[in-house]
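Structure first, commentary second.
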């Protein structure tokens, strides 16, 4: 069963999946184990993620482990129709297409849940929230693996109210996820999306990065590496001080909006750039979002303010007070709406954590709460990645182990 745009695109999708497979050695190693052990035999796995080649290959790894896989995209501009077609040819149940409308997207999510999944791989908490809001009768879910900061925030809210119905593993918070995916993955892919879409130089421009979490760190670092003058806006005094110590200019958005050429939001919050900022911006300012939902740039207010609007490929041009402001990818994730998302080697780590965390959910009886990824899974993924890179590290001697566990050593 499937609902996709065009099944004839499968050959193109197969090429894309084959390419990323060659560059995801950690998942390849885990796939071999899954094929031998079939840990997901007779289990249903529902996946709601950005549906492109890397995600498609992870779905195939679950299938190799015996799972029946249902998958849908989590963003209307990040679904690759060719990948969808390729997955259908492998008997994965696919419900997604590029440019999907809100009603159809919701219908697809409902279809995934009606398959009564045992395990959910979620992005932004979309399936988790829908289950709690409308699908109380579904009791098959043994647990969820959550990919994003935004999703974890929603899970924490459910847990705080005592409503969480199953354990949720915070994959986003694992070291091999947020240190690499959020920082290096988004840092590279967000700049990639901006450059592909605008074909403008980064060097010499004032790039305003809103939020200095792991995503903001990555974007700021990569923008500086390309010669930009980077300004950071923050609400957290500690993170603001860290940005200052890294050599970035730190100021409130009310000031930054007057000098910025390119704005990248990385906060996970709403209305980070809004009406008063639009009014103060320079002519030609470019706005985009690297957070999860399309709420960080208040595009709705911008549309209401605009004297005119022109749409180009992945660029909306708004004329406000005689100035032209440009929004990339409708204010959705710029690295996926305007580019190919994170590099394959980065998603190899994140998706390896996803599949191992899913296996952990099946193998253990856990409380209905937010749970950290077990440290041994983090270490295993990192070790597999080092092996694939032919990198070797030191091992503690017995004396060193004793020193680290004894109180008797001293001066």
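The values are calculated or read from the model by the stated rules, or taken from the named source; none is laboratory data. Note that the coordinates shown come from a computational prediction; the quantities given were computed from them, not determined experimentally. A quick note on method: Cβ atoms are made from the backbone with ideal geometry, for glycine too, and the neighbour counts reach across all protein chains shown.
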Original post:
Within segment 133-150, how many residues turn out to be part of a helix (DSSP H, G or I) and modelled with pLDDT of 95 or more?
Top reply: 0
**OP:** Would you check if residue 287 is crowded, with 18+ Cβ neighbours inside 10 Å, in the same structural domain as residue 328 (by TED's automatic domain parsing) and either at pLDDT 95 or above or not in a loop (DSSP other than H, G, I, E, B) (or both)?
**Re:** yes
**OP:** Kindly indicate the residue of segment 173-194 that is free of Cβ contacts under 8 Å to residues at least 40 places away in the same chain and surrounded by 23 or more Cβ atoms within 10 Å (Cβ to Cβ) and also farthest from residue 292 (Cα to Cα) among those meeting that condition.
**Re:** 191
Original post:
Could we say that residue 202 is touching a strand residue (DSSP E or B) at 6+ places or on another chain (Cβ under 8 Å), in a strand (DSSP E or B), at negative phi and in the same structural domain as residue 286 (by TED's automatic domain parsing) here?
Top reply: no
Original post:
Which one is surrounded by the most Cβ atoms within 10 Å (Cβ to Cβ) among residues in segment 292-308 that are free of Cβ contacts under 8 Å to residues at least 24 places away in the same chain and over 24 Å from residue 335 (Cβ atoms)?
Top reply: 306
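Listed here are the residues, each with its yes/no results for (1) surrounded by fewer than 24 Cβ atoms within 10 Å (Cβ to Cβ); (2) closer than 27 Å to residue 386 by Cα; (3) not assigned by TED's automatic domain parsing to the domain that holds residue 149.
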residue: 15; (1), (2), (3): yes, yes, no
residue: 26; (1), (2), (3): no, yes, no
residue: 54; (1), (2), (3): no, yes, no
residue: 80; (1), (2), (3): no, no, no
residue: 83; (1), (2), (3): no, no, no
residue: 95; (1), (2), (3): no, no, no
**OP:** Quick one: count up the residues across segment 357-374 that are crowded, with 19+ Cβ neighbours inside 10 Å and under 18 Å from the mean Cα position of the chain (by Cα).
**Re:** 3
**OP:** Hey, can you tell me all the residues within segment 1-28 that are out of contact with any strand residue (DSSP E or B) (no Cβ under 6 Å at 6 or more places or on another chain), closer than 19 Å to residue 95 by Cβ and not in a helix (DSSP H, G or I)?
**Re:** 5, 6
**OP:** Output the residue which, of all residues in segment 278-291 that are touching a helix residue (DSSP H, G or I) at 6+ places or on another chain (Cβ under 9 Å) and without any contact (Cβ under 8 Å) to a residue 60 or more places away in the chain, is nearest to residue 186 (Cα to Cα).
**Re:** 289
Subject >> Criterion: outside any helix (DSSP H, G or I), without any contact (Cβ under 8 Å) to a residue 12 or more places away in the chain and in contact with a helix residue (DSSP H, G or I) (Cβ under 8 Å, 6 or more places away or on another chain) - qualifying residue of 311, 393 >> reply: 393
Subject >> Whichever residue in segment 331-356 is touching a strand residue (DSSP E or B) at 6+ places or on another chain (Cβ under 7 Å) and over 26 Å from residue 45 (Cα atoms) and, among such residues, is surrounded by the most Cβ atoms within 10 Å (Cβ to Cβ) >> reply: 334
Subject >> Scope segment 255-276; condition within 15 Å of residue 231 (Cα to Cα) and over 24 Å from the mean Cα position of the chain (by Cα); matching residues >> reply: 255, 256, 257, 258, 259, 260, 261
**OP:** Mind listing just one residue for me: the one in segment 51-76 that is in a loop (DSSP other than H, G, I, E, B) and modelled with pLDDT of 95 or more and, of those, nearest to residue 130 (Cα to Cα)?
**Re:** 51
Original post:
Which one is surrounded by the most Cβ atoms within 10 Å (Cβ to Cβ) among residues in segment 29-42 that are over 25 Å from the mean Cα position of the chain (by Cα) and in a loop (DSSP other than H, G, I, E, B)?
Top reply: 39
Original post:
Is it the case that segment 264-277 has a residue that's under 21 Å from residue 321 (Cβ atoms) and surrounded by 23 or more Cβ atoms within 10 Å (Cβ to Cβ)?
Top reply: yes
**OP:** Could you check how many residues of segment 143-172 are free of Cβ contacts under 8 Å to residues at least 40 places away in the same chain and over 17 Å from residue 47 (Cα atoms)?
**Re:** 7
Original post:
Across segment 314-334, what is the total count of residues that are assigned to a strand (DSSP E or B), within 24 Å of residue 189 (Cβ to Cβ) and in contact (Cβ under 8 Å) with a residue 12 or more places away in the chain?
Top reply: 7
**OP:** Would you check if residue 79 is farther than 24 Å from residue 338 by Cβ, at pLDDT 95 or above and assigned to a loop (DSSP other than H, G, I, E, B)?
**Re:** no
Original post:
Of the residues that make up segment 222-234, is at least one surrounded by fewer than 22 Cβ atoms within 10 Å (Cβ to Cβ) and over 29 Å from residue 349 (Cβ atoms)?
Top reply: yes
